[in-house]
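The following block contains the structure, expressed as structure tokens.
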Amino acid sequence: MPDHPCLSCGACCAHYRVAFHWSETEPAPASYVPIELTTALDPHRLAMRGTLSAPVRCTALSGAVGRDAQCTVYARRPSPCRELQPAWEHGEPSPQCDRARVAYGLAPLTPEAWTA
Ligand code: SF4
Ligand code: SF4
């Protein structure tokens, strides 16, 4: 099994606005999002800092996109991050993943990325 492609990517964390309901920062369940890494979007929603305006880069992302980017709050990442699936990890395409990678000059993932 090759290394997980996300560990040498991070493009989606530096391409999309990451917005979610404020309740995801509440300490129950235990996987709550660190509130200090968020900013208010509207009366009901927060966003990860760094994702509301260009150049987009989530404040929780470390490393270089396309090389060694990693989420520093992976176990506590918000729902949009949990829902964005890497393309073909579970046999399905992911246009969001593809668009983010292409924006950084990275080839879209193929099914072979998970088996080669
Ligand atoms: S763009 Fe796709 S491969 Fe890259 S980090 Fe996001 S989900 Fe993973
Ligand atoms: S919280 Fe983590 S997974 Fe979500 S955008 Fe930020 S760095 Fe990426």
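The values are calculated or read from the model by the stated rules, or taken from the named source; none is laboratory data. Remember, it's a predicted structure, so these values are computed and weren't measured experimentally. A quick note on method: Cβ atoms are made from the backbone with ideal geometry, for glycine too, and the neighbour counts reach across all protein chains shown. These area figures cover heavy atoms from the full protein model, side chains too; ligands, DNA and RNA do not enter into them. Shrake-Rupley method; radii C 1.70, N 1.55, O 1.52, S 1.80 Å.
Collect the residues in the stretch 1-33 that are in a loop (DSSP other than H, G, I, E, B), within 10 Å of ligand 2 (Cβ to nearest atom) and open to solvent by 40 Å² or more (accessible area, probe 1.4 Å), keeping them in residue-number order.
His15, Tyr16, Arg17
For the subset of the stretch 34-48 comprising residues that are within 13 Å of ligand 2 (Cβ to nearest atom) and either β-branched (Val, Ile, Thr) or surrounded by fewer than 17 Cβ atoms within 10 Å (Cβ to Cβ) (or both), which member is nearest to Cys71 (Cα to Cα)? Reasoning before the result, please.
As a first pass, look at the stretch 34-48 and keep what is within 13 Å of ligand 2 (Cβ to nearest atom): 34-39, 46-48.
Next cut, either β-branched (Val, Ile, Thr) or surrounded by fewer than 17 Cβ atoms within 10 Å (Cβ to Cβ) (or both) only: 34-36, 38-39.
Numbers: Pro34: 13, Ile35: 16, Glu36: 15, Thr38: 14, Thr39: 18 Å.
Across the stretch 34-48, the extreme among qualifying residues is Pro34.
Return yes or no: is Thr51 surrounded by fewer than 17 Cβ atoms within 10 Å (Cβ to Cβ), at pLDDT 95 or above and of a type outside the set (A, V, I, L, M, F, W, C)? Walk me through it before giving the result.
Numbers: surrounded by fewer than 17 Cβ atoms within 10 Å (Cβ to Cβ): no; at pLDDT 95 or above: yes; of a type outside the set (A, V, I, L, M, F, W, C): yes.
No: the conditions fail for Thr51.
Moving on to the next point. Could you list, in sequence order, the residues of the stretch 65-92 that are open to solvent by less than 40 Å² (accessible area, probe 1.4 Å), touching a Cys at 6+ places or on another chain (Cβ under 8 Å) and either part of a helix (DSSP H, G or I) or at positive phi (or both)?
Once the filter is applied, which keeps residues that are open to solvent by less than 40 Å² (accessible area, probe 1.4 Å), touching a Cys at 6+ places or on another chain (Cβ under 8 Å) and either part of a helix (DSSP H, G or I) or at positive phi (or both), the stretch 65-92 yields only Gly66.
Let me ask something else about it. For the stretch 93-116, enumerate the residues that are away from ligand 2 (no atom under 15 Å from the Cβ) and assigned to a loop (DSSP other than H, G, I, E, B).
Step one: filter the stretch 93-116 for residues away from ligand 2 (no atom under 15 Å from the Cβ), giving 93, 95, 98, 102, 105-116.
Pro93, Gly105, Leu106, Ala107, Pro108, Leu109, Thr110, Thr115, Ala116 - these are the residues of the stretch 93-116 that are away from ligand 2 (no atom under 15 Å from the Cβ) and assigned to a loop (DSSP other than H, G, I, E, B).
What about Ser53, is it closer than 19 Å to Tyr104 by Cα and without any contact (Cβ under 8 Å) to a residue 12 or more places away in the chain?
Working: closer than 19 Å to Tyr104 by Cα: yes; without any contact (Cβ under 8 Å) to a residue 12 or more places away in the chain: yes.
Yes.
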